[in-house]
Amino acid sequence: MKAHWLHPTEALGRRFIYPDADTQEKIEEEILIRRLSFKVGDIGLLIAENTISELTDMVSICAIPNTADWLLGLTNLRGNLIPVFELKMLLDLSMEQEKKRMLLVLGQGDSAAGIPIDELPTRQTFRVSDKLNSLPALPAAIKDYIPSGYEQTGMLWFNFDHEAFFQALATKIAV
């Protein structure tokens, strides 16, 4: 059976019916936010939308003398030197590791940086209603780079402005 299509003039001339308030609330409740996430200790971080990220094995990292302990050094990623930051140390979190560590690289080119992580990144999906009204206390080193967060099944996930965070760290590297 052939579908009946409206003529464009007829389609554009039709009256639009606005949803009532209850319908609008249901639509807003169903809007989903999808992000790639990773954990640093027990802090769940969400990678910004459209961010280029890469997961690699922990490769050789060359330490840089006279720098902060949380700057592990530089690593070569396809001919590009990128800094590797140990966020667990920077955020005063337990350095225990039970699993093989991997290197999560966020960004590309001159703005790329690596973070060792203990678990594979995962995809998270949130509803608008999962958004936190206010943020809990966060470590001072990262709190200015967490604009918002979500709670889902008892776990808190925070949007992470990694670009601004890495730029700020660049000014604090020397000891």
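Pairing residues of region 149-175 that are at pLDDT below 90 with residues that are of a type in the set (S, T, N, Q) and assigned to a loop (DSSP other than H, G, I, E, B), at Cβ distances under 6 Å and at least 6 apart in sequence or on separate chains, gives V175/N66.
Looking across region 61-95, the residues that are among the charged types (D, E, K, R) and either in contact with a strand residue (DSSP E or B) (Cβ under 7 Å, 6 or more places away or on another chain) or within 30 Å of A137 (Cα to Cα) (or both) come down to D69, E86, K88, D92.
Looking across region 130-155, the residues that are crowded, with 16+ Cβ neighbours inside 10 Å and of a type in the set (A, V, I, L, M, F, W, C) come down to L138, A141, I142, I146.
Of all residues in region 126-148, which are part of a helix (DSSP H, G or I) and at pLDDT 90 or above? Spell out how you get there, then give the answer.
Of all residues in region 126-148, those part of a helix (DSSP H, G or I) come to 128-130, 140-143.
Of everything in region 126-148, those that are part of a helix (DSSP H, G or I) and at pLDDT 90 or above turn out to be D130, A140, A141, I142, K143.
Which members of region 77-136 meet the condition of being among the aliphatic types (A, V, I, L, M) and more than 18 Å from the chain's Cα centre (by Cα)? Listed by number, the residues that qualify are L77, L81, I82, M89, L93, M95. State all residues of region 50-90 that are in contact (Cβ under 8 Å) with a residue 24 or more places away in the chain, under 18 Å from P121 (Cβ atoms) and not β-branched (V, I, T); if no residue qualifies, say none. Across region 50-90, the qualifying residues are S53, E54, L55, D57, M58, L77, F85, E86, L87, K88. Cβ-Cβ distances below 6 Å connect the following pairs, each with a first residue in region 102-121 that is closer than 21 Å to G41 by Cα, a second residue that is small (G, A, S), and a separation of six or more residues or different chains: L103/G114; V105/A112; V105/G114; L106/S53.
The rows are residues; the columns are (1) assigned to a loop (DSSP other than H, G, I, E, B); (2) at pLDDT 75 or above; (3) loosely packed, with under 10 Cβ neighbours inside 10 Å.
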site: W5; (1), (2), (3): yes, yes, yes
site: A11; (1), (2), (3): no, no, yes
site: Q24; (1), (2), (3): no, no, no
site: E28; (1), (2), (3): no, no, no
site: R35; (1), (2), (3): no, yes, no
site: K39; (1), (2), (3): no, yes, no
site: L55; (1), (2), (3): no, yes, no
site: P65; (1), (2), (3): yes, yes, yes
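Yes or no, residue by residue, for (1) hydroxyl-bearing (S, T, Y); (2) crowded, with 19+ Cβ neighbours inside 10 Å; (3) farther than 15 Å from V40 by Cα; (4) touching a helix residue (DSSP H, G or I) at 6+ places or on another chain (Cβ under 6 Å):
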site: C62; (1), (2), (3), (4): no, no, yes, no
site: G79; (1), (2), (3), (4): no, no, yes, no
site: P83; (1), (2), (3), (4): no, yes, yes, no
site: L87; (1), (2), (3), (4): no, yes, no, no
site: E96; (1), (2), (3), (4): no, no, no, no
site: R123; (1), (2), (3), (4): no, no, yes, no
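Of the set (1) surrounded by 12 or more Cβ atoms within 10 Å (Cβ to Cβ); (2) modelled with pLDDT under 85; (3) in a loop (DSSP other than H, G, I, E, B), all apply to T51 but (2).
The values are calculated or read from the model by the stated rules, or taken from the named source; none is laboratory data. Owing to the predicted nature of the structure, the values given are computational and were not obtained by experimental measurement. Glycine also receives a Cβ, built like all others from the backbone with ideal geometry; neighbour counts cover every protein chain displayed.
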